[in-house]
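Let me begin by presenting the structure, written as structure tokens, before commenting on it.
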Amino acid sequence: YFKNKSFTEFNYIIGNKLKSYKITNNSYILSSLHHVENIEVDLLQNLFNAFFQSQFDSIFIAHPRIKKLIADNRIDTQKTLVVDAIPYQENLKAIKSSVFCFTDSGGIQREAYYFNKRCIVCSDLTVWDSIIKTGSNITIGKTMEEVNRGLRWAEENANANYEYDGCFGDGQAVKTIFGKILEHYETI
């Protein structure tokens, strides 16, 4: 449904208030980190420094513990818009309309793949190895050099297409599962 639509804005939450972000021509990086191994001052500062040097605006979805870390350590987020949350359907709009994503979120990795968006995965491993193999995503480490390597890769490949390779099935999971349940039910 969302893949063939264009959006002019998406909503996000900051300070318990719903606000709108006006979308202009895939001009921002959408990012989020929440895995325990990525809750580090140095990594966050490296990330915000790299985003500052990028030609794109950046939006960072900050989970509460990350937001606390940013505040407690006075991490300079520079030009990055730090938001508390983006509701799910709004998040789909945000991913689809971004130039690329930077995350450790399995959900954002999958949605970016469906929208043909490059996704930099900040992790030593990913549960979505099949997506990495398609060329849609890349894994990186936590150093400034690794963050910059990921950003260069995403910028260079932002407009490259790849074909869906079926790694998530054919979109008929509910029908298949329901069919199996009915088969089993009929044997009872």
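Observations
- Against the numbered list (1) in contact with a strand residue (DSSP E or B) (Cβ under 9 Å, 6 or more places away or on another chain); (2) farther than 22 Å from Gly150 by Cα, His34 comes up short only at (2).
- If the condition is being closer than 20 Å to Arg74 by Cα and part of a loop (DSSP other than H, G, I, E, B), then segment 1-34 contributes Gly15, His34.
- Filter result for Arg110 (closer than 20 Å to Tyr1 by Cβ and either out of contact with any strand residue (DSSP E or B) (no Cβ under 6 Å at 6 or more places or on another chain) or open to solvent by less than 20 Å² (accessible area, probe 1.4 Å) (or both)): yes
- Yes/no for Ile39 being under 17 Å from Ile86 (Cβ atoms), of a type outside the set (Gly, Ala, Ser) and in contact (Cβ under 8 Å) with a residue 12 or more places away in the chain: no
- Enumeration of residues in segment 113-128 that are open to solvent by 20 Å² or more (accessible area, probe 1.4 Å), within 23 Å of Ser6 (Cα to Cα) and among the hydroxyl-bearing types (Ser, Thr, Tyr): Tyr114
- Whichever residue in segment 10-47 is within 16 Å of Tyr88 (Cβ to Cβ) and of a type outside the set (A, V, I, L, M) and, among such residues, is surrounded by the fewest Cβ atoms within 10 Å (Cβ to Cβ): His34
- Matching residues, segment 53-87, being out of contact with any strand residue (DSSP E or B) (no Cβ under 8 Å at 6 or more places or on another chain) and either surrounded by fewer than 15 Cβ atoms within 10 Å (Cβ to Cβ) or in a helix (DSSP H, G or I) (or both): Gln53, Gln55, Pro64, Arg65, Lys68, Leu69, Ala71, Asp72, Asn73, Arg74, Asp76, Gln78
- Listed here are the helices (runs of 4 or more DSSP H) enclosed by segment 101-188 that have at least 1 residues being in contact with a Phe, Trp or Tyr (Cβ under 7 Å, 6 or more places away or on another chain): 106-114, 129-134, 144-157.
- Checked against the criterion of being more than 15 Å from Leu47 (Cβ to Cβ), of a type outside the set (Gly, Ala, Ser) and in contact (Cβ under 8 Å) with a residue 24 or more places away in the chain, the candidates Asn159, Asn73, Asn116 yield just one match: Asn116.
The values are calculated or read from the model by the stated rules, or taken from the named source; none is laboratory data. These numbers were taken from a predicted model, which means no experiment stands behind them. We place every Cβ from the backbone using ideal geometry, glycine too, and count neighbours over all the protein chains shown. Accessible surface areas use protein heavy atoms only, side chains included; no ligands, DNA or RNA. Shrake-Rupley method; radii C 1.70, N 1.55, O 1.52, S 1.80 Å.
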